[in-house]
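What follows is a short report on a single structure.
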């Protein structure tokens, strides 16, 4: 004799499969997706690419891009003159809400510091200076060349977290 739970489980699996295939068909047929999110990702990826080129041109050695762990994510990790540098890239197409560098909030700084501590522990890095920089990229109207600004030592790691 079969348990009633077996039938309930089969019913839920059927529903989950139906919902998943409905979502996939919506994506395929109607091109359904979150356009705002993809635009933001596109702008961010473009900005990070420009930042990497800018940093390399200024003598930085790129160690890692988009480093992610359970604590969060850091855009670029690089080496510059005896220090490991953790770089946050902020890109904007307008300064309506202020310059890009001001969007690095205190919460974001704390998160970057946590990820940096995790990275240093994971890679077993000792006796080397750490630095936190911000690269600000602002695209002017009419498709002109962007303004790229590097803020060295944008913040410090001395938080009690």
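The values are calculated or read from the model by the stated rules, or taken from the named source; none is laboratory data. Being a predicted model, the structure only gives us computed values, none of them experimental. Here Cβ is always computed from backbone atoms with ideal geometry, including for glycine, and neighbour counts include all displayed protein chains.
From the list 73, 48, exactly one residue is modelled with pLDDT of 90 or more, touching a strand residue (DSSP E or B) at 6+ places or on another chain (Cβ under 6 Å) and either in a helix (DSSP H, G or I) or surrounded by 11 or more Cβ atoms within 10 Å (Cβ to Cβ) (or both). Which is it? Quick ask: steps written out before the conclusion?
Values: 73 fails: touching a strand residue (DSSP E or B) at 6+ places or on another chain (Cβ under 6 Å).
After ruling out the rest, the residue left standing is 48.
Of (1) surrounded by fewer than 14 Cβ atoms within 10 Å (Cβ to Cβ); (2) modelled with pLDDT of 95 or more; (3) in a helix (DSSP H, G or I), residue 59 satisfies all except one. Which?
(3)
Quick check on my filter: what residues within the range 108-126 are surrounded by fewer than 16 Cβ atoms within 10 Å (Cβ to Cβ) and either in a loop (DSSP other than H, G, I, E, B) or within 14 Å of the chain's Cα centre (by Cα) (or both)?
Within the range 108-126, 108, 124, 125, 126 meet the criteria.
Any residue that is in a helix (DSSP H, G or I), within 25 Å of residue 39 (Cα to Cα) and free of Cβ contacts under 8 Å to residues at least 60 places away in the same chain - is there at least one of those in the range 86-101? Step through it out loud before you land on a result.
Filtering the range 86-101 for residues in a helix (DSSP H, G or I) gives 100-101.
Next, only the ones that are within 25 Å of residue 39 (Cα to Cα) stay: 100-101.
Subset that is free of Cβ contacts under 8 Å to residues at least 60 places away in the same chain: 100-101.
Checked against the condition, which is being in a helix (DSSP H, G or I), within 25 Å of residue 39 (Cα to Cα) and free of Cβ contacts under 8 Å to residues at least 60 places away in the same chain, the range 86-101 yields at least one hit.
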